[in-house]
Amino acid sequence: MPEVLEKILDLLGKVMQYDGVSIQLLEGEQQLYFAAGRGYDNAEQIDRMVRSLSAHNLKRLAEHDGKIITIADTSTQEDWVSLPGLDEIRSWVCAPLQSRGKLIGLLTVDSRTANAFSDEISNTVMAFANQAAIAIENAQLFDAERAARERAEALQKAAQAINSTLSLDQVIQEVLKQLLSVLEYDSGSVIFLEGNRAYVQAGYGYEDPIGVVNLAKIEFDLSVKTIHQVVQTGQPLMIPDVWKDDRWIHTAYSSHIRSWLGIPLFVRDQVVGLINLERKIPTGFSEDEIGLAQAFATHTSTAIENARLFETEEKRAQELETLRQVNLSLTASLEPEAVLSAVLAGVNQLMPEVWHTHIFLFKAGKLTFGAEYWADAQCKLALLDISNASVISQVAESGNATVDPEFLLNLMFDDLDQEDFRGALISLPLKIGERVVGVLDVVYIDFQTFLPTQLRVLNLLADQAALAIENAHLFQQTIMERRHISLLYDLGRAIAVSLEPEVILKAALDLTCRALDSNIGAAWLFSPEKEQFYLHTFYNKGGAKKEELISHEQTIIDLNSGLIGWVGQHKIPVNSPNVQADERWIPVEGVHIESMLAAPILEGETLLGVIAAYDQRSGFFDNSQLNLLSAICQQIGLALSNAHRYQDVDRLVSLLAGEQYRLEGLIEMLPVGVLLIDDQKNLLVSNSLARTFLSDLAPESMGLTILQLGPYSISEILKHHQNPQPTEVILAGLNRKIFEIQAQPLGTDIPQWVITLRDVTQERETQDRIQMQERLATVGQLAAGIAHDFNNIMAAIIVYADLLLMDRNISASSQERLTIIQQQVQRAASLIRQILDFSRRSVMEQSTLDLLPFIKEMEKLLNRTLPETISVQLRHEEGQYVLSADPTRLQQVFMNLAVNARDAMPEGGKLSFELSHVRVGSNENPPIPDMFPGNWLVIAVTDTGVGIPLEDQSHIFEPFFTTKPIGQGTGLGLAQVYGIVKQHGGYIDLKSQVGEGTQFIIYLPAFTSASDQTISNKIPTELDGGGQTVLLVEDDQATRKALETMLSFHNYHVETAENGLKALEILEKNVDTIVLIVSDIVMPQMGGLELYEHVHSRWPQIQMLFITGHPLDENNQNILQQGKVHWLQKPFSVQEFNQTLIELLT
């Protein structure tokens, strides 16, 4: 049809001019609708105008006998209806569309210009309308035929689909789906009738802002006019516009509906439901559409009813199976909590959409809370007081159920925000015969209509629940009686194993309260001196402590005060079912109590205390429980009496236990490992230090049986127990350890052994270091004595060699020989200097020095001098490395270490210098023993050479010890390093592994305040004494003669003396002529330093120069190093002597 209409409009546009054209077709007998057109912006608006003007235009056409209507100027036409969108039309032509004498619609042409259509044009429009009517009718017939074919196919598909399933919702969905394929609608549903109610089973196309509407919750009363009319008449009902029909009931889910069609569903001539079809626009439904929907209802109603019956039977079978399962659950246990939980679970299975379920128990005319279930665990509202919940009370008292589909939930629950919050309620009595044992409440959060089948099933569940609850109650009574008997037995056992009053009272109170099922219990002990009870032991079923519930003041009660005082004073038990009405009761703040049991604890006639049980439920305890409590208190009295009698014994046991604990602590804190083993070598006792040692000495013992300690078996160690010397165990390896082990038998009936373990590794290392230092000191003393004699000999030789070289009459060959003598003397002097460095007797020229730039210069020097196969690296922390040191001596240290490293790396390797700081605290263990607390500079010199064997490491600092081949080393390099480091107040340590390399670690004391140092340049100058007198004091004749010759050579007058006393005699006579004293330090009778003291005090104007070849003691070294006098170390050259005199005398 749309294609035909568009073709008609295209042809009309070719034969005439117009501003707008419309084809309006009849829908029914008096309703036109806009089928197609041109020149209009809003088709929906035009359709509404066409529909609103249908009656007017059809009437006008009838007045013209069905002939064409032409209005030349609408402004002059009195009956022209001007609507929004039509006010611009000035000329208008309306031609009837007739086929075989039947009107099927209108063809209208309009123009915005008056008199736009002549009679000729009008005739053309009429002729065109006649042809168009034929084409439209043919298209309608074709569409009708196609629609009939589609309906038939849809009915066939619907039949096939619904016959392939028995699921009611699937059948309904398929019917609505197939119906939608042939009849346009926006939403549809199927309603079933049950009793005087109607409910929506399923639907299609319903949506709200949240999502799809849950249609299963939508129910109606049959008094709803639309449903009532369809059910009563059995005829379809169509409402074109529900907004204008007062029969329509507006709901939230139906806000989108404007047109509604209800089709009855018949099964055996009885209406069982409705098919609802809705549209969002008020167009209504045509007769054909109503007939089509009715045909669908007729063809599918049987299938729908069959599916409904099947689902009903299936649901009934499920309900019966659920009841069977619930019954099994109810009979599976006789515990009340389990029974109540099973009832709640059964309700949830039968009615899964329930919001809240609770059970109240009814006994002796009183309701008590039993259990509850919440669908949303996060939403738990407090129930109001039962006395206010009139519905529950009425059901319990009357034994009749209450069903309220619109219940005001505020009457039952507290904390609801909405004051008129409504839901649905079923309140069922739980009855055995005519006796009510409880009330079951089922609550829905929305309005709910309860079907008779639902109520019937729920009543069956309630009957089963009542029987199960009663059985559980009877079972609990039987259990309670057994518990009373068992409790007395258990109590006797519990308190018999302890003599502690605290344990007795706690065990008794816990057992009592659990047996009585009371929420709170208390044990009060009586003080005869103060005639007061004090709360000794407290029980709370919820776990709260007494401090959280009871103030300190309420834990003390006078003998004649309250129910506790009354029981204690009269020594008889009490059952108070309602303490609030008991004048003897003293309320406890913060704790709500309704009922109470109390009985005295007696030892003969002596009152010891009172046991009390409390509960928040009124009348909770009975007399049988009171008798039980009295029997319990008798046993507690006997137990407490025994506890008091044996209290002294317990105190003695505690003292013994304390002594044992202290003994164990003493063993644990001993600085040696202690093991206790039996004769089978099983480990009985060990302290933590011993367990640590066992990981090295017996790693495979697993701490159970000790068979071996290091290389020795336990049997070997035990055999030597009479030997006063311990057994020494050396564990070789990278971390070498040494242990001393001793064993002693214990004088007991059962053979046992005590084994002590001492880790003496560090002690032995310290002993080795001390022994090495002692050896080095001894060798140093010997070397110092030898160095003195050599220095004197060398001094004379070098002086005479220098003087001979100054003689110009000496031949060239003789000068060459003298030069060789000088070189050999210098070499000998170097060896002597190394010996003096080792013996720490050489004089140091110390100054303030930053070690970092010093080492950097050394790095450059070594990079130039060492082979290219050896790389030199320097690593250091940030900061300064200032110390007081002799730069020449330090350079000698690093040079010696570098040369040794070079020799240890013949194939090349890496030599590294690493600088760092370390601070040794007063309470810390230093890296090396004897290091004093303070700041230290650390220099680590590491090579990747061949390493030093372990057996050689203790000798490497000894002079003349070397591992190098003969002729390749003197054995003095490391000895010199050792001496220089010690002379700087430092320490040196060694770490070496064969094949891995060697590391020397030097510790030097840091200098905290650096000062500027100035070094004067030595400028050689020719020496001319000019006849001045010099006093020469030297005990060695050869040296004295050589120096006298040298001074005379330089034009000095020389006076000589062999010791200080002789020198003083000469000074007394010639003090005015002597300008300089040159003196040895170590001489017989009076040494040089003593001579200096005399000269300095009496003749301070006389300069003095010390020369020495003897190693100095510490005092002499300090005097020379402090710069008080000038000095020269023997042997020295003539040039060095001349330079010193020039500096001294100028």
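The values are calculated or read from the model by the stated rules, or taken from the named source; none is laboratory data. Values in this document were obtained by computation on a predicted structure and should not be read as measured data. Note that we place each Cβ from the backbone using ideal geometry, even for glycine, and neighbour counts take in every protein chain shown.
Comparison of LEU629, LEU602 shows that the only residue that is touching a residue at least 40 places away in the same chain (Cβ under 8 Å) and either part of a loop (DSSP other than H, G, I, E, B) or among the hydrophobic types (A, V, I, L, M, F, W, C) (or both) is LEU629. Those strands (runs of 3 or more DSSP E) of region 256-363 in which at least 1 residues are assigned by TED's automatic domain parsing to the domain that holds VAL439 and modelled with pLDDT under 75, considering only elements entirely within it, cover 356-363.
The one condition from (1) part of a helix (DSSP H, G or I); (2) buried (at least 21 other Cβ atoms within 10 Å of the Cβ); (3) at pLDDT 85 or above that LEU487 does not meet is (3).
Residues are listed down the side, and each one gets a yes or a no for (1) among the acidic types (Asp, Glu); (2) farther than 16 Å from THR512 by Cβ; (3) surrounded by fewer than 19 Cβ atoms within 10 Å (Cβ to Cβ); (4) over 52 Å from the mean Cα position of the chain (by Cα):
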residue	(1), (2), (3), (4)
GLY565	no, yes, no, yes
GLY568	no, yes, no, yes
GLU583	yes, yes, yes, yes
GLU589	yes, yes, yes, no
SER595	no, no, no, no
ALA598	no, no, no, no
ALA631	no, no, yes, yes
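Checking the conditions here, which among GLN229, GLN235 is over 24 Å from ALA303 (Cβ atoms), polar (S, T, N, Q) and at pLDDT 90 or above? Every option except GLN229 fails the conditions.
Looking only at region 1-21, which residues are over 12 Å from ALA139 (Cα atoms) and in a loop (DSSP other than H, G, I, E, B)? Within region 1-21, MET16, GLN17, TYR18, ASP19 meet the criteria. Candidates are the residues of region 222-262 that are surrounded by fewer than 15 Cβ atoms within 10 Å (Cβ to Cβ) and among the hydroxyl-bearing types (Ser, Thr, Tyr); the one that is farthest from LEU179 (Cα to Cα) is SER223. Of GLU914, GLU951, all but one fail to be out of contact with any strand residue (DSSP E or B) (no Cβ under 6 Å at 6 or more places or on another chain), of a type in the set (D, E, K, R) and either in a loop (DSSP other than H, G, I, E, B) or assigned by TED's automatic domain parsing to the domain that holds LEU852 (or both); the exception is GLU951. It is to be established whether one or more residues within region 834-849 are in contact with a helix residue (DSSP H, G or I) (Cβ under 9 Å, 6 or more places away or on another chain) and modelled with pLDDT of 85 or more. The answer is yes, given that some residue of region 834-849 is in contact with a helix residue (DSSP H, G or I) (Cβ under 9 Å, 6 or more places away or on another chain) and modelled with pLDDT of 85 or more.
Listed here are the residues, each with its yes/no results for (1) at pLDDT below 80; (2) of a type outside the set (Asp, Glu).
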site	(1), (2)
SER167	yes, yes
GLU174	yes, no
LYS177	no, yes
VAL182	yes, yes
GLY188	no, yes
GLU194	yes, no
GLY205	yes, yes
ASP208	yes, no
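In the set (1) without any contact (Cβ under 8 Å) to a residue 12 or more places away in the chain; (2) under 15 Å from GLN625 (Cα atoms), the condition left unmet by THR512 is number (1). Summed over region 118-135, residues that are touching a residue at least 60 places away in the same chain (Cβ under 8 Å) and touching a strand residue (DSSP E or B) at 6+ places or on another chain (Cβ under 8 Å) total 5. When LEU549 is tested against (1) surrounded by fewer than 17 Cβ atoms within 10 Å (Cβ to Cβ); (2) in contact with a Ser or Thr (Cβ under 8 Å, 6 or more places away or on another chain), exactly one condition is not met: (2).
Only strands (runs of 3 or more DSSP E) wholly contained in region 67-139 count here; list those with 3 or more residues that are assigned by TED's automatic domain parsing to the domain that holds LEU53 and at pLDDT 90 or above.
Hits in region 67-139: 91-99, 102-111.
Cβ-Cβ distances below 7 Å connect the following pairs, each with a first residue in region 916-937 that is within 18 Å of ARG875 (Cβ to Cβ), a second residue that is at pLDDT below 90 and exposed (fewer than 13 other Cβ atoms within 10 Å of the Cβ), and a separation of six or more residues or different chains: SER916/GLU877; HIS917/GLU877; HIS917/GLY879. Of all the numbered requirements in (1) part of a loop (DSSP other than H, G, I, E, B); (2) in contact (Cβ under 8 Å) with a residue 24 or more places away in the chain; (3) at negative phi, TRP248 misses one, and that requirement is (2).
Per the conditions (1) in the same structural domain as SER715 (by TED's automatic domain parsing); (2) surrounded by fewer than 19 Cβ atoms within 10 Å (Cβ to Cβ), the sole criterion not satisfied by GLY619 is (1).
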